[in-house]
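The values are calculated or read from the model by the stated rules, or taken from the named source; none is laboratory data. Source: prediction; values computed, not measured. Methodologically, a virtual Cβ is constructed for each residue, glycine included, from the backbone with ideal geometry; neighbour enumeration extends over all protein chains shown. Each accessible area value is taken on the protein alone, full model and side chains, heavy atoms only, with ligands, DNA and RNA left out. Shrake-Rupley method; radii C 1.70, N 1.55, O 1.52, S 1.80 Å.
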Amino acid sequence: MTTVSGERLAAIFVEVADTLVDEFDLLDFLHMLTERAASLVEASAVGLMLADQRGRLEFMAGTNENVRLVELFQLQNQEGPCLESFRTGEPVINVDLTAAADRWPLFAPRATAAGFLSVHAFPLRLRERVIGAMNVFGNTRGRLLTGNDVPIMQALADVATIGLLQERAIRRGEVLTEQLQGALNSRIVIEQAKGAVAQARATSVDDAFDIIRRYARSHNYRLVDLAHVIVTDFASVPDLYRP
Amino acid sequence: MVADGDRASARAAAIRSLIAGAPGAPGHVGLLGRVCLVAARELAALGAAVTVLTGDGLRGLSAASDPVIERLEELQFTLGEGPCIDAIESRRPVLIADLSGPAMSRWPAYAPAVREGGVGAVFAFPLQVGAARLGMLDVFRRQPGPLSEAELEIALHLADATVEGLLDRQEEEGRRGDTDGLAWDVGNRAQLYQAQGMVMIQLGIALDEALVRMRAYAFAEDRRLDDVARDIVNRTLRFDLDTP
């Protein structure tokens, strides 16, 4: 195994961090990650899986079609290094696939048939939370991870994990902000409509609200939708402004 | 770095418990009110105000540590200029340690008006998540002078805690299926929106223009917008008859 130069390593980490701040595209990011991981340790292929909300792994990215099929095979059969690493939160290192039939009776023969001879898996983990795993395949027997290879690959997986979790937190925040502001808009527009109807009918705002509610019920309107019509196109609901 | 991170999260937790422990009503407006009280106290400020914007950039919810501060906050929306508006547009804090400096030409209407209200420095913090802008937290101090590094940290934690508090509440309501906001207590702003609807009909104008008219009236008469709204709803003030 060749030793990775510090410069090259730094460049890859900067690239990963950079992708996280730019316009973030999840699949693009994961593809970039698998490609850089593969180039770092001269792996034949790298595949990456992320857990969905129910904690089930899904294939997300791979450096080629071959690895995609092998990864899907793991998922179908619920057996293999990625699943193992995901379940334990620990890396799986330097497993000779030609001698792994006991460990993975279905997966090992399938992977060797696809031309892979060795495999490693790294959990995407932040503290106690595991959100996925990255599989690294080699096609030459004896090409093993040595020295700093393991901590470097794990560090790459860690950086990706932090980025993914941050991105999810931001996405959640954006969705909730949108909902909150939407709810606020609904609340406000109803008050505005109450004012409009109260003025037009010369009633109190409470009576105006009753009028609006009755109208919404009898015309099968959602209250909020009717309120919108009142404040933007009052003329279209003459029953509401004429007693 | 780890030690720094631990210290920061301990500070964030301390701020959250200060907010939780402050007096105030439950509900959204209550949360904002507690944030204002903590901000005013912890930052040795004249007062603080929080505004949550609607999707259209209107002041949807708001709270202030007292009525004078509420008026200073509202003034920015009347005049369409000020540090908080800049903070939300630029997505970063706007820290004006001395309102008598270049701020006077940056906000020619707003800066003199708040100085008249006894404010020497304004610090505005956007409440935001990723690309979404939720609102702002504004801190008003009597004496000119910058926030210390520790105070700045507190202010940023306060802004974060406000966003978290609002979003957690939203998530909870989403889980209960209560997402239309109908049950929300929007505080005294309910009256403001009712008045807006009434003025719209009185003058036969669009809704947003109705609010502009009300703000202009409040400014010209040197009255609080909330009081003007109350008079409109009580029908002691009519825009189709009384306004110049």
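Results, tabulated for the structure shown:
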| read-out | value |
| --- | --- |
| 31 Å tail of the calculated P(r), chain A, as % of Cα pairs | 44 |
| Ellipsoid equivalent to the protein assembly as shown - semi-axes via the Cα gyration tensor, in Å | 56, 29, 17 |
| Crossing angle, helix B:189-203 versus chain B [Cα axis fit, 0-90 degrees, rounded to tens] | 30 |
| 1.4 Å probe, heavy atoms, protein only - residues of the range A:141-188 losing at least 30 Å² accessible area vs chain alone | A:ARG172, A:GLU174, A:LEU176, A:THR177, A:GLN179, A:LEU180, A:GLN181, A:ALA183, A:LEU184, A:ASN185, A:ARG187, A:ILE188 |
| Around B:GLU73: net Lys/Arg minus Asp/Glu count, Cβ-Cβ under 9 Å | -1 |
| Cα-centre dipole for chain A with unit charges at Cβ (Lys and Arg positive, Asp and Glu negative), debye to 20 | 780 |
| Protein accessible area in the range A:176-241, 1.4 Å probe - carbon and sulfur % | 44 |
| Equivalent ellipsoid semi-axes, the range A:49-160, via Cα gyration tensor eigenvalues times 5, rooted, Å | 20, 17, 12 |
| Lys/Arg +1, Asp/Glu -1 at C-beta; the range B:2-175 dipole; positive extreme among B:LEU46, B:GLY60, B:ILE96 | B:LEU46 |
| Shielding by other protein chains, B:226-233, mean Cβ within 10 Å | 1 |
| Listed peptides A:64-74, B:97-107 by packing density, highest first (mean Cβ within 10 Å) | A:64-74, B:97-107 |
| Per residue solvent-accessible surface (Å²) - the protein assembly as shown, probe of 1.4 Å | 45 |
| Accessible area buried, both sides summed, chains B and A with 1.4 Å probe, Å² | 2900 |
| Volume per residue of the C-alpha convex hull in the range B:86-244, rounded to whole Å³ | 152 |
| In Hz, Karplus ³J(HN,Hα) per residue of the range A:67-78 (6.51, -1.76, 1.60; θ = phi - 60°; x = Gly, Pro) | 5, 4, 5, 5, 5, 5, 4, 4, 5, 4, 9, 6 |
| The range A:1-71: C-alpha gyration tensor shape, a/c 1.5 cut-off, then a/b vs b/c | oblate |
| Charge dipole magnitude, Cβ of K and R +1, D and E -1 - chain B, Cα centre, debye nearest 20 | 220 |
| Accessible carbon and sulfur surface of the range B:2-175 relative to its total accessible area, %, 1.4 Å | 55 |
| Peptides A:196-205, B:217-226 ordered by average Cβ neighbours within 10 Å, highest first | A:196-205, B:217-226 |
| Cα long-axis angle, helix B:149-175 against chain B (0 to 90 degrees, to the nearest 10) | 70 |
| Viscosity 0.890 mPa s, 25 °C: Kirkwood-radius Stokes-Einstein D of the range A:176-241 over Cα pairs, µm²/s | 207 |
| Rg [Å, one decimal], Dmax [Å, integer] - the range B:2-175, C-alpha atoms | 15.4, 49 |
| For peptides A:82-90, A:206-214, sequence by mean Cβ density within 10 Å, most packed first | A:82-90, A:206-214 |
| Largest-first ellipsoid semi-axes for the range A:107-243, taking √(5λ) over the Cα gyration tensor eigenvalues, angstrom | 66, 16, 9 |
| C-alpha center-to-center spacing [the range B:149-175, the range A:189-243] in angstrom | 36 |
| Phi-based couplings in Hz for the range B:118-123 (Karplus 6.51, -1.76, 1.60; Gly and Pro marked x) | x, 9, x, 8, 10, 10 |
| Kirkwood Rh (inverse of mean 1/r, distinct Cα pairs), the range B:189-233, angstrom | 10.0 |
| Kirkwood Rh, Cα atoms: Rg over Rh of the range B:40-137 | 0.93 |
